1. Hey, A:Val71 hits all of (1) of a type in the set (A, V, I, L, M, F, W, C); (2) under 18 Å from the mean Cα position of the chain (by Cα); (3) modelled with pLDDT of 85 or more but one; which does it fall short on?
2. So if I check each of A:Leu417, A:Leu485, A:Leu441, which one is more than 11 Å from chain B (Cβ to nearest Cβ) and aliphatic (A, V, I, L, M)?
3. Only one of (1) under 17 Å from the mean Cα position of the chain (by Cα); (2) part of a helix (DSSP H, G or I) is not met by A:Pro389, so which one is it?
4. Quick one: would you say B:Gly58 is out of contact with any strand residue (DSSP E or B) (no Cβ under 7 Å at 6 or more places or on another chain), facing chain A (nearest Cβ under 10 Å) and touching a residue at least 24 places away in the same chain (Cβ under 8 Å)?
5. Within region B:1-38, work out how many residues are touching a residue at least 12 places away in the same chain (Cβ under 8 Å), in a helix (DSSP H, G or I), among the aliphatic types (A, V, I, L, M) and within 17 Å of A:Ser493 (Cβ to Cβ).
6. Within region A:4-106, considering only helices (runs of 4 or more DSSP H) that don't extend past its boundaries, which have at least 2 residues that are farther than 21 Å from A:Val296 by Cβ?
7. Do we find a residue being of a type in the set (Asp, Glu), facing another protein chain (nearest Cβ under 10 Å) and either surrounded by fewer than 18 Cβ atoms within 10 Å (Cβ to Cβ) or more than 21 Å from A:Gly445 (Cβ to Cβ) (or both) anywhere in region B:22-38?
Amino acid sequence: MNKSKTPRELGLFQAVMIGLGGAVGIEIFVLLNYATYLAGPRIVLVLFVCGIINLLTMLSFCELGAAIPEVGGEYSYAKAAFGGFLAFLTGWFRWISNVFGAALAALGFAYHFLYFVPTNIIPVDESLLVALVAVAIIAVLTVLSIRGTMQMGAIIVIAFIAVFLVFIAAGILHGLELKLSYPTTLGESSNFVAAVTYTFLMFLGMRAIAAGGAVVKKPGKNIPRAIILSAVLLMVLYCGIAYVTISVVSLEEIAAPTALPLSIAAKEILGEAGAIILTIAGIVAALSSLSTAIMVQSSITRGLSRDGYLPKFLLSTHRRFKTPHIVIIFGSIFYILFAATGVVEFVGSVAAFASLLGFALVNLSLMKLRVKKPYLPRPFKVPLYPYTPIAGILVSLILLIFIEPRAFSLGIGLIALGLLAYYVKMVGYHRIRIAFGGVSLGIGGFTTFLAYRVGTGFTVPLALSPQLTTILFYFLIFVSIISILAGIFNIVSKG
Amino acid sequence: MKIRKFVVTFFGVTQEVIGALAIVFAYVLYYNILDIRINLEIPLEHVSVYLLLLFVFGFISILSGFFLIRERLELEGEGGL
């Protein structure tokens, strides 16, 4: 196994492509319907506000990415600023956000793919199978060569930005009639902020530039430029797309839970051919997002592993392909697990939850570093300091209140899991292992006692036939032997 | 070293499988798949206790197995692939 340093090989263009590849991805295709359900005709305003809010924290990313151009993005910044618990927490939030973002891309791929498949061949319920296959294919491609898939990603991003521009231009030529007074119950005022929170995810992919800072040439110059360029391009594109979409299609049609809003709008503007092109663009966008997510996930996981929060074997790279194959497979398992929930709103909301908390911590890191390391070379500085990062923190925390409740609960649960991992790190892996060895030994002892009870004919609180009782007896014996021996191996391990 | 690798892998994987089976059984019990509660005559009020026991057992087995599998991966890292 090799543990080599990644070479700096990406210029400004590729850095912008990383940002756009992460952000101009599947989100615009799959989040627009629920956001329209929440905001109604004010969806364009929602996206504009969302872009501005994102830019607040992206400026912090610019300063930090240029000053600390290391693998790990915001995790590296929090580590330099605070170290310890807050650094771990930042990395953990980033990881959660990325994994749920990838699950969203897998689901988006499935929904768009099934547009072309008659439901009697693959029922829509089997979209999860399609999502799983997409994750597996992209993971394998990434293991084979990250460099190859990134180059492919840049071409793809350019291609579907072109598609979006054609879509907007064709919409304008088609003749737009913005229906601000559209008779609808959609978009009550209380849901406006909820829509901003939900669509926040559309801009998050730009962080990929900062996270991949270690492979960008002249990071002091290229990272800030790439982030600002990506942010402005995204705002223009998204607002244009949303404006065209709500102008040509009824809001109720867009807001339907399983609708593909861009495909519906393209069908209205360009006919069936337009719908097919936009659906293919959706498929490609999903694959591109998935590919970027895998790259960023591996970067974050390796950062956490390098610092001992996750096992060291995750740092390994494949001998032949020089790619972090174990991390890629590890992440892909989680993408599939979360995609299996099958609910876009839910998956998207959890990703937004973790991202917002991560954003707050990035701004906090910036402020801490300004005090802690005032002489750190900063090729780019956030304008209007300290108001910009303070505004970034406040807005992130306010938006958190509007996260979908189920997603909020799961987010809290995942934070608890993160705290457990941190506790393991603090207490020491070896001690935890001995503790679990002891518990396993205890379970083995208890199972032996149960087997004794079953074997000697004591009443079992289950209605079992004699044959089943015999099977249960042997199964309990087997489990007790395994648990006792596994417990002993864990206790006598060398750590 | 080879024997140790084999043994920790065997016990680790077996524990993982046992833990996963316990959680799958909890799922089957909760949703009463194949009328399992009726067939085993488990009263509804006892289901939560069974679920708790199965989840705790499954969770501990999976973690204990994970530690052994991790040891195997580390041994592999030391020996080279």
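1. With respect to (1) of a type in the set (A, V, I, L, M, F, W, C); (2) under 18 Å from the mean Cα position of the chain (by Cα); (3) modelled with pLDDT of 85 or more, A:Val71 is out only on (3).
2. A:Leu417
3. Exception for A:Pro389: condition (1).
4. no
5. Selection size over region B:1-38: 2.
6. Correct list: A:32-39, A:43-67.
7. no
Residue-wise test of (1) modelled with pLDDT of 85 or more; (2) in the same structural domain as A:Ile227 (by TED's automatic domain parsing).
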{"residue": "A:Lys381", "(1), (2)": "no, yes"}
{"residue": "A:Ile390", "(1), (2)": "yes, yes"}
{"residue": "A:Gly418", "(1), (2)": "no, yes"}
{"residue": "A:Tyr423", "(1), (2)": "no, yes"}
{"residue": "A:Ser440", "(1), (2)": "yes, no"}
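The values are calculated or read from the model by the stated rules, or taken from the named source; none is laboratory data. Owing to the predicted nature of the structure, the values given are computational and were not obtained by experimental measurement. Ideal geometry is used to build each Cβ from the backbone, glycine not excepted, and the neighbour counts take in all protein chains shown.
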